[in-house]
Amino acid sequence: MKTGIARQIVSMCLIVAAWMGTPCLAQQEFNPKSVKEWMKNNVPTSPKIEVGDEERVARLLARAIQFRERAGTDLQKAVDGLAGGGGPFAIITEAKINREVPEVWPYFFAGTIVHVGHSVSSEPVTAFYNPYLDAACMIYWKASASDVVPEKVLVVTGNSMRGEKKSDAVPWWLREGRGTPVDLLKQYQQFKDYFAATFPFHSGDMPARVNIDDPVMDQRVLELNALKAFLELVAVTSPKDMAGVRKPLRIFRDALATQEMEALDTLIPKDNVVKARTLADLPVEIRQRLTPVFVQVRTEQTIVFLNSDASARFFLAAAFASNGKLSSVAFLDFETKSKLK
């Protein structure tokens with residue numbers, strides 16, 4: 001990927017990442033121009049939002065993205081910060097796993113991408129989808145002329161969303177014969193297509209209710225998968241790192257954050273598709289805020305997935321060989337428009 005192309009892709013798409021860390025969200029200063037830009041980048045084939053609806057849509061987006069940002073570090077703080085109280089979130093906040101391992105749900109939300117449906121309805125819906133875990137936390141909202149408040153919270157696995165008859169707790173992209181970043185992108189596209197078809201962005205109608213055979217089981221599957229992934233990530237990034245990647249990962253992240261070209265040229269293999277200069281030229285919002293969110297420990301290598309805490313949309317997949325050396329690095333965009341085969 002050429003440097004100019006990488007910059008162009010990121011500059012076109014970074015509006016979502018910019019919104020994630022912009023103070024205006026907390027201050028409720030809604031910018032109609034930003035709404036139009038977000039729509040252009042995310043729902044290009046949809047009709048334009050009417051002038052009178054722009055503030056309402058901006059408010060919904062602000063609430064959803066602000067919630068995601070807070071929930072990624074402190075779920076209770078995120079819930080308390082929503083108007084209307086946290087009653088609908090009781091299925092999560094009062095769950096046994098949240099009481100015993102409170103880091104699990106923030107771990108889930110930190111890796112989520114926000115999707116919005118029925119944005120101009122009195123009952124809009126948002127999905128916080130974590131592609132690594134192939135599951136979403138959906139919030140049904142009640143919108144008024146001045147605010148939006150959560151009305152119902154539902155946890156849905158990708159298995160249920162795809163209508164698969166056979167129960168399978170393993171995320172689609174990690175099942176037998178898969179496990180690559182391309183499989184992860186394919187799975188994300190499946191969810192995106194499902195959500196867009198079921199919950200159209202511009203619809204003013206009442207949203208559909210997701211039919212799940214066993215909602216409690218869906219939530220349990222997600223929580224167990226999140227706990228397993230969280231513990232595996234901790235094992236690799238803790239001082240007692242058994243895979244031997246903690247130190248080389250830190251060195252790589254530091255070099256990327258500070259744009260140390262000499263170090264990056266040394267660390268990144270010469271035959272790597274994405275070159276050191278391309279990575280060094282990534283926006284500062286990505287380079288300096290990369291956080292490990294998922295790990296695959298294999299016999300021959302360990303792959304660490306990292307995304308910026310500003311936006312989970314862009315991610316790096318860094319593979320480390322058994323000797324600790326960086327064997328490959330990929331920079332990917334979940335919203336890629338290219339056809340995945």
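The values are calculated or read from the model by the stated rules, or taken from the named source; none is laboratory data. Just so we're clear, the structure is a prediction, and the values are computed from it rather than from any experiment. Heads up, the Cβs are rebuilt from the backbone with ideal geometry, glycines too, and the neighbour counts pull from every protein chain shown.
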**OP:** Would you mind finding the one in L316, L332 that is in contact with a strand residue (DSSP E or B) (Cβ under 7 Å, 6 or more places away or on another chain) and in contact (Cβ under 8 Å) with a residue 40 or more places away in the chain?
**Re:** L332
Original post:
So how many residues does region 169-193 have that are without any contact (Cβ under 8 Å) to a residue 60 or more places away in the chain and in contact with a Ser or Thr (Cβ under 9 Å, 6 or more places away or on another chain)?
Top reply: 3
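Based on this model, can you work out whether Q301 counts as among the polar types (S, T, N, Q), without any contact (Cβ under 8 Å) to a residue 40 or more places away in the chain and not assigned by TED's automatic domain parsing to the domain that holds D134? Write out each step before concluding.
Working: among the polar types (S, T, N, Q): yes; without any contact (Cβ under 8 Å) to a residue 40 or more places away in the chain: yes; not assigned by TED's automatic domain parsing to the domain that holds D134: yes.
When the stated conditions are applied, Q301 passes them.
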Original post:
So which of R175, R209 is within 20 Å of V125 (Cα to Cα) and surrounded by fewer than 21 Cβ atoms within 10 Å (Cβ to Cβ)?
Top reply: R209
Subject >> Test result for P215, surrounded by fewer than 19 Cβ atoms within 10 Å (Cβ to Cβ) and of a type outside the set (F, W, Y) >> reply: yes
**OP:** Look through region 218-246, keep the residues that are in contact with a Lys or Arg (Cβ under 8 Å, 6 or more places away or on another chain) and assigned to a helix (DSSP H, G or I), and return whichever of them is surrounded by the most Cβ atoms within 10 Å (Cβ to Cβ).
**Re:** V236
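Might you let me know whether region 235-252 holds any residue that is under 23 Å from H115 (Cα atoms) and either of a type in the set (V, I, T) or without any contact (Cβ under 8 Å) to a residue 12 or more places away in the chain (or both)?
No - not one qualifying residue is present in region 235-252.
Residue-wise test of (1) in contact with a Phe, Trp or Tyr (Cβ under 7 Å, 6 or more places away or on another chain); (2) closer than 26 Å to Y188 by Cα.
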{"site": "E223", "(1), (2)": "no, yes"}
{"site": "F230", "(1), (2)": "yes, yes"}
{"site": "L233", "(1), (2)": "yes, yes"}
{"site": "P239", "(1), (2)": "no, no"}
{"site": "T266", "(1), (2)": "no, no"}
{"site": "V293", "(1), (2)": "yes, yes"}
{"site": "R313", "(1), (2)": "yes, yes"}
{"site": "L316", "(1), (2)": "yes, yes"}
Original post:
Restricting the search to region 303-323, which residues are under 17 Å from R250 (Cα atoms) and either over 21 Å from the mean Cα position of the chain (by Cα) or of a type in the set (K, R) (or both)?
Top reply: F320, A321, S322, N323
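With the condition kept exactly as written, say whether any residue in region 197-206 is among the charged types (D, E, K, R), under 24 Å from Y132 (Cα atoms), in the same structural domain as E164 (by TED's automatic domain parsing) and surrounded by fewer than 17 Cβ atoms within 10 Å (Cβ to Cβ).
Checked region 197-206: no residue is among the charged types (D, E, K, R), under 24 Å from Y132 (Cα atoms), in the same structural domain as E164 (by TED's automatic domain parsing) and surrounded by fewer than 17 Cβ atoms within 10 Å (Cβ to Cβ).
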Subject >> For L14: the one exception among (1) at pLDDT below 55; (2) on the phi > 0 side of the Ramachandran plot >> reply: (2)
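Here is a check on your reading of the model: is E103 free of Cβ contacts under 8 Å to residues at least 40 places away in the same chain, under 18 Å from E223 (Cβ atoms) and not aromatic (F, W, Y)? Show your work before the answer.
On the way: free of Cβ contacts under 8 Å to residues at least 40 places away in the same chain: no; under 18 Å from E223 (Cβ atoms): yes; not aromatic (F, W, Y): yes.
Here the answer is no, as E103 does not meet what is asked.
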Subject >> Segments classed as helices (runs of 4 or more DSSP H), wholly inside region 247-334, with at least 1 members that are among the β-branched types (V, I, T), surrounded by fewer than 20 Cβ atoms within 10 Å (Cβ to Cβ) and modelled with pLDDT of 90 or more >> reply: 261-267
